[in-house]
Amino acid sequence: MTDIAIRRLETVDDEQIVALADVLIDAIDSDAGVSFLHPLEPLRAQAFWRDVAEDVEAGRRALLVAEDEEGIVGTVQLVLAQPENQPHRADLSKMLVHRRARRRGLGAALLEAAEEMGRKCGKTLLVLDTNTGSDAERLYARTGWTRVGEIPDFSIQPRGGLRATTVFYKVL
C-alpha cells in the first residue's frame, strides 16, 4: 500500500467532491449498504458530499481520504458533533474503498487513521454499524472492535432486500 497516502481534508473543493462521489457510486454499484439505493446518480452523490463538506468546514466532521496516483480511492468520516452528554465519542461513518484499490490493506489503513484522528480530536470512544456478514464486519472484528450485537432488517440494500446491521464500538 506504499503508493497510497491518507490525509485529512479541512476543506473540500469541487474536484474532490466529484472524486468522492465516484467512490460512493462505485460502492453502491458493488452493493455496499451505505445509505443509498442503486442506481446512484452523480448529482445526488455530489449533493451528499457537499453536505459533508459543510460539516467538515464547520468542524462537525473529520474527513479522511486515501489517494493514489489517480486520485481519491477511499474515504472515512468521523462524526464529531454529538449531544452534549456525549462529547467523548464519535461515529465512524462511510468507510469506502473504490473497487480498483481493494484487497491491498486500504480498509485497515483507513480504520487505523480514523482511530488516530479520533484520539487527536479528543475522543475516547468510537461507534459504528455495518452490514452483517460483510467484508467490513470482518475487518472491524479483526482489528479489535467490540461487537455489540445485530439489528435485523435494519436497511434496504442498494438493489433491494432487507439486511441486518452489526453494531461495534472501540475504546481509544
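All of the numbers you see were taken from the coordinates with simple rules; none came from a lab. This structure is a prediction, so every number in the text was calculated from the model and none was measured. As a convention, Cβ positions derive from the backbone with ideal geometry for all residues, glycine included, and neighbour counts pool all protein chains shown.
Suppose every Lys and Arg Cβ carries +1 and every Asp and Glu Cβ carries -1, with no other charges. What dipole size does segment 102-172 come out with about its Cα centre, to the nearest 20 debye?
260
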Legend entry - Karplus 3J(HN,Hα) series, Hz, for segment 41-49 with 6.51 cos²θ - 1.76 cosθ + 1.60 (x for Gly, Pro): 6, x, 5, 5, 5, 5, 4, 4, 5
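Among residues other than ALA47 whose Cβ falls under 12 Å from its Cβ, what is the net charge (Lys/Arg +1, Asp/Glu -1)? Don't skip to the end; give the middle numbers.
Numbers: positive: ARG44, ARG50; negative: GLU41, ASP51, GLU54.
So the surrounding residues net to -1.
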Legend entry - the chain - share of DSSP beta bridges that are antiparallel (%, nearest 5): 90
Legend entry - Estimated FRET transfer efficiency when R0 is 35 angstrom, pair ASP14-ARG147 (beta carbons, to 0.05): 0.35
Inset, instruction - Considering the options LEU139, VAL73, ALA109, tell which one lies farthest towards the positive end of the dipole of the chain, charges being +1 on Lys and Arg and -1 on Asp and Glu at the Cβ, about the Cα centre. - result: LEU139
Legend entry - For segment 124-172: Kirkwood Rh in Å [reciprocal of mean 1/r, alpha carbons]: 11.1
Inset, instruction - Would you work out the relative contact order for the chain, in percent, from Cα pairs under 8 angstrom that are 6 or more residues apart? - result: 21
Legend entry - Cα-based convex hull volume of segment 81-172 per residue, rounded to whole Å³: 113
Legend entry - Two-site FRET efficiency, ARG7 against LEU162, from Cβ-Cβ distance with R₀ of 30 Å, rounded to 0.05: 0.25
Legend entry - Low-density loop positions, GluC sites (Glu not before Pro), segment 1-89 - DSSP coil, at most 16 other Cβ in 10 Å: GLU10, GLU69, GLU70, GLU84
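How compact is segment 5-123 by the rule of thumb for globular proteins, expressed as Cα Rg over 2.2 N^0.38 Å?
1.02
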Inset, instruction - Please report, in debye to the nearest 20, how large the charge dipole of segment 1-146 is about its Cα centre when each Lys and Arg carries +1 at its beta carbon and each Asp and Glu carries -1 there. - result: 620
